[in-house]
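> One structure follows; several queries about it will come next.
No lab work stands behind these numbers, since they all come straight from the coordinates. Because the structure is a prediction, the values reported are computed rather than measured. Counting neighbours? That spans all protein chains shown, and the Cβs are built from the backbone with ideal geometry, glycine included.
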């Protein structure tokens, strides 16, 4: 099935 | 010195109930703008962003920006001791390692102080870029909660597809499949019951229902929920808190390998 994405791959730490 | 007095204490109770299952420990940031929080769940799949603007408080004193680490379950436990109609005041002295929640009943003849220890939490603030979403759906919050709950009895994930005509929620599991379509409404007499769709491009994305069900704990905070989706971004589920701000949940989609 599809793989769960991760928030950290979309939003970067500041 | 920090002193925040909120006439609708029940609102803060609801806010905690809406976050405590998703996030264990988090920093609350207090600044002249307001009382806010940004935190991810432990698996970094979802992020919650809360803002309670200073104007929404009856009294708001925050001499300098402070970040206070709290265990959300413990905070929720303390707030459960407040009545829904109580006035809640949050107080902390500079450099203190605890925060006081003061509850006053409406007739002001019962005053309770609950003191909670603060924690040191390594916070990771993420930059959330302003985005134009390809599809935005606004619908009754209770209806969205019902759909997420119903579909999670059939499957683990939901495919959400937005077209000009409506929004479709689909799932499949061992016992079969389920498909719910909410068509856009055209009535104007009951805006709180409307399904409104703003679509630049049709979007279809798959999400884990477990997280969506956790987000719907915010349903008592708002009559409508806004679902914003783009094919290359986490979805945003926003509950606007009238006169105060918002609670927003970001959820990373499931991605085809």
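> What's the number of the condition residue B:223 fails, among (1) crowded, with 19+ Cβ neighbours inside 10 Å; (2) more than 13 Å from chain A (Cβ to nearest Cβ); (3) farther than 26 Å from residue B:173 by Cα; (4) in contact (Cβ under 8 Å) with a residue 24 or more places away in the chain?
Answer for residue B:223: the failing condition is (1).
> Can you name every one of the strands (runs of 3 or more DSSP E) wholly within the stretch B:5-86 that holds 1 or more residues which are free of Cβ contacts under 8 Å to residues at least 60 places away in the same chain, in contact with a helix residue (DSSP H, G or I) (Cβ under 8 Å, 6 or more places away or on another chain) and over 25 Å from residue B:212 (Cβ atoms)?
B:34-40, B:59-62
> Could I ask something else about it? Would you check which residues across the stretch B:186-200 are under 26 Å from the mean Cα position of the chain (by Cα) and surrounded by fewer than 16 Cβ atoms within 10 Å (Cβ to Cβ) and list them?
Those that are under 26 Å from the mean Cα position of the chain (by Cα) and surrounded by fewer than 16 Cβ atoms within 10 Å (Cβ to Cβ): B:190, B:191, B:192, B:193, B:196, B:198, B:200.
> So which residues in the stretch B:110-162 are away from chain A (no Cβ under 14 Å), exposed (fewer than 14 other Cβ atoms within 10 Å of the Cβ) and assigned to a strand (DSSP E or B), if there are any at all?
Correct list: B:111, B:113, B:115, B:117.
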